[in-house]
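Okay, so here's the structure we're looking at.
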Amino acid sequence: MGSLFGHDNQESFNGFFNPSITKGEVITCKAAVVWAPGEPFKIEQVRVDPPKNMEVRIKILYTSICHTDLSGWKGENECQRAYPRILGHEAIGIVESVGEGVNDMGEGDFVIPIFNGECGHCAYCKSEKTNLCENFRVNPMKSVMSSDGKTRFSTIDGKPIYHFLNTSTFAEYTVVDSACAVRLSLDVPLKKMCLLSCCVSTGLGAAWNTANVKPGSTLAIFGLGAVGLAAAEGARSRGASRIIGVDINPEKFVKGKSMGVTEFINPKELNTPLHEKIREMTQGGVDYSFECAGNLDVLREAFLSTHDGWGLTVILGIHPTPRMLPIHPMEFFDGRRLVASVFGDFKGKTQLPHFAKQCMDGVVNLDGFITHELPFSKINEAFKLLGNGESLRCLLTL
């Protein structure tokens, strides 16, 4: 794939980038630090240590905001709280330096950080049955690096700043385990490839890999955010005949039409239970449903909206504690199934480069996911846009 150095695309990013000066040194740069649940992000100077063994230091070029970041910022799951912290997990960047033992990428390579890593050596990575990794899987409880249990971020006066989802992309520079960085070709469209870090891979992969949507099938998507619309795009590309979009925000319906959604339901306008309406529309229920709202009541409706005998519901939403699954075990005897999908069941390092090429070749359409672009300094404004349902993805330029 080659290195960026000497390549025409060196103008694709802004800011200071000179590995010959920074390699092996502590870098002082800007980061958006959250100090307590729900408090505004503070753009401040932080120190970023050099990468250690099997780690990579990345200059972030673009990062975007996901509902998981919104949940982490609010501290919705108390057991996952760790502050001060640098959030962010959807981004694209360029390798500034690598630690000892890293040989699958080097200085100047474009990479996307991934929250669900792949070491390639453990029993999980070698299994075709899972995309989890024994050591570098997604872990919202984790707030330090794997190798030594310490952070690579610190305040100017030396106090640790915690990591988030293996990535922490709300900073000009970040350090990740090499298992959590995927090398891409030099000709990739940088802004669109940022989406592969989370939303597009998660939603589209759920349709392709987890559900394995078949041509002519029917499905319902509960929650038309970026992940839900990515699931719709995945189903459209697989030839689904009907894609029912469910959302309480009617503005999402306009965007959904361009991404394959064929019919829309606003639950607030119904006089009957949502699942009954969908069963009526589809003569018994849809073949697949995708829960993308992170709401247990919605999850139950999604489960009951599928056809008995073969219906499959895929959980994609991030659910706060402490409520448990609202389904009785005996309800599974009707043949409906329920599974969850992490990162769309993609194995990040081995499968994402090919997926990126498919996106570039037009197999899937990424146009329309990025609805807003702002400078990094306006990250608080970007969070408001997402929280108010006004954006799918707001891209921040560092």
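Among the GluC sites (Glu not before Pro) in the range 22-112, those located in a DSSP loop and surrounded by at most 14 other Cβ atoms within 10 Å of their own Cβ are 25, 100. When the charge dipole of the chain is built from unit charges on Cβ atoms (+1 for Lys and Arg, -1 for Asp and Glu) and taken about the Cα centre, the candidate among 315, 63, 178 whose Cα reaches farthest toward its positive end is 315. Here the simple spin-label model places points 7 Å from the Cα toward Cβ, and for residue 159 and residue 53 these points are separated by 3.2 nm. When the residues 275, 67, 372 are ordered by accessible surface, computed with a 1.4 Å probe over the protein chains alone, the sequence from largest down reads 67, 372, 275. Rounded to the nearest whole angstrom, the semi-axes of the ellipsoid equivalent to the range 302-369, taken from the Cα gyration tensor as √(5λ), stand at 32, 16, 12, largest first.
The convex hull drawn around the Cα atoms of the range 259-343, when projected onto a plane and averaged over every direction, covers 6.5 nm². One decimal place: the segment residue 365-residue 103 gains 91.1 nm when fully extended, by the rule 0.36 nm per residue minus the C-alpha distance.
Using the structure shown, select from 30/252; 59/357; 191/277; 23/378 the pairs with a Cα to Cα distance greater than 31 angstrom.
Result: 30/252; 191/277 exceed 31 Å.
Looking at the chain alone, DSSP beta bridges between its own residues are antiparallel in about 55 percent of cases.
In Å², what does the accessible area per residue of the chain work out to with a 1.4 Å probe?
Numbers: 16540 Å² over 398 residues.
Ligands and nucleic acids excluded, the result is 42 Å² per residue.
Each Lys and Arg adds +1 at its Cβ and each Asp and Glu adds -1 at its Cβ; summed about the Cα centre, the chain shows a dipole of about 220 debye. The distance separating the Cα centre of the range 354-398 from that of the range 149-219 comes to 13 Å. Working note: Karplus 6.51/-1.76/1.60 with θ = phi - 60° gives the range 27-43 the couplings 9, 9, 8, 8, 8, 9, 9, 9, 9, 6, x, x, 6, x, 5, 10, 7 Hz, where Gly and Pro are set to x. Rolling a 1.4 angstrom probe over the range 82-181 with all protein chains present gives an accessible area of which 49% lies on carbon and sulfur atoms. For residue 150 and residue 127, calculate 0.36 nm times their separation in residues minus their Cα-Cα distance, and state this gained length in nm to one decimal. Stretched fully, the residue 150-residue 127 segment lengthens by 5.3 nm.
Only Cα sites of the range 170-246 enter the Debye sum here, all with the same form factor; the resulting log10 I(q)/I(0) across q = 0.11, 0.13, 0.21, 0.23 1/Å is -0.37, -0.49, -0.93, -1.02, listed in q order.
With a cut-off of 8 Å between alpha carbons and a minimum separation of six or more residues, what is the relative contact order of the chain in percent? Show your work: numbers first, answer last.
On the way: 950 pairs, mean separation 66.3, N = 398.
Reported relative contact order: 17 percent.
Take the Cα of residue 139, step 7 Å toward its Cβ, do the same at residue 81, and the gap between the two points is 2.2 nm.
When shorter helices are ignored and each DSSP H run of at least 4 residues is given -39500 (n - 2.57), the per-residue value for the chain at 222 nm works out to -5500 deg cm²/dmol. Note on the chain: dipole from Cβ charges, positive end direction compared against 132, 115, 248; the farthest Cα belongs to 132. Accessible area of residue 130 (1.4 Å probe, protein heavy atoms only, ligands and nucleic acids ignored): about 40 Å².
Solvent-accessible area assigned to carbon and sulfur over the range 345-390 amounts to 48 percent, based on a 1.4 Å probe. Enclosing the Cα atoms of the range 80-237 in their convex hull gives a volume equal to 143 cubic angstrom per residue. Hydrodynamic analysis of the chain uses the Kirkwood radius over alpha carbon pairs. Inserted into Stokes-Einstein at 37 °C and 0.692 mPa s, it gives a translational diffusion coefficient of 153 µm²/s. Full extension of the chain between residue 310 and residue 328 yields a length gain of 4.7 nm, computed as 0.36 nm times the residue separation minus the alpha carbon distance. The candidates 79, 198, 119, arranged from most to least accessible area with a 1.4 Å probe in the full protein assembly, appear as 79, 119, 198. Entry note: the range 125-202 has Rg to Rh equal to 1.00, where both radii use alpha-carbon atoms and Rh is the Kirkwood radius. Dividing the convex hull volume of the alpha-carbon atoms in the range 277-398 by its residue count gives 179 Å³ per residue. Residue ranges 336-345, 310-319 sort as 310-319, 336-345 when ordered by packing (mean number of other C-beta atoms within 10 Å per residue, highest first).
Just to confirm the filter: which trypsin sites (Lys or Arg not before Pro) across the range 129-203 are DSSP coil and have at most 14 other Cβ within 10 angstrom of their Cβ? Hits after loop and neighbour filter: 129, 150. Overall size of the range 40-120 from C-alpha positions, given as principal axis extents largest first: 38, 31, 21 Å. For residue 340, the residues whose amide H sits under 5 Å from its own are 315, ignoring neighbours fewer than 5 places away on the same chain, with H placed 1.01 Å from N. A 1.4 Å probe over all protein chains sorts 307, 89 by accessible area into 307, 89, starting with the largest. Per-residue SASA remark: residue 109, around 10 Å² accessible (1.4 Å probe; ligands, DNA and RNA not included).
The values are calculated or read from the model by the stated rules, or taken from the named source; none is laboratory data. The structure displayed is predicted, hence computed values, not measured ones. Don't worry about glycine lacking a Cβ; one is built from the backbone with ideal geometry, like all the others, and counts go over all protein chains shown. Protein only, heavy atoms only, side chains kept; ligands, DNA and RNA dropped before computing areas. Shrake-Rupley method; radii C 1.70, N 1.55, O 1.52, S 1.80 Å.
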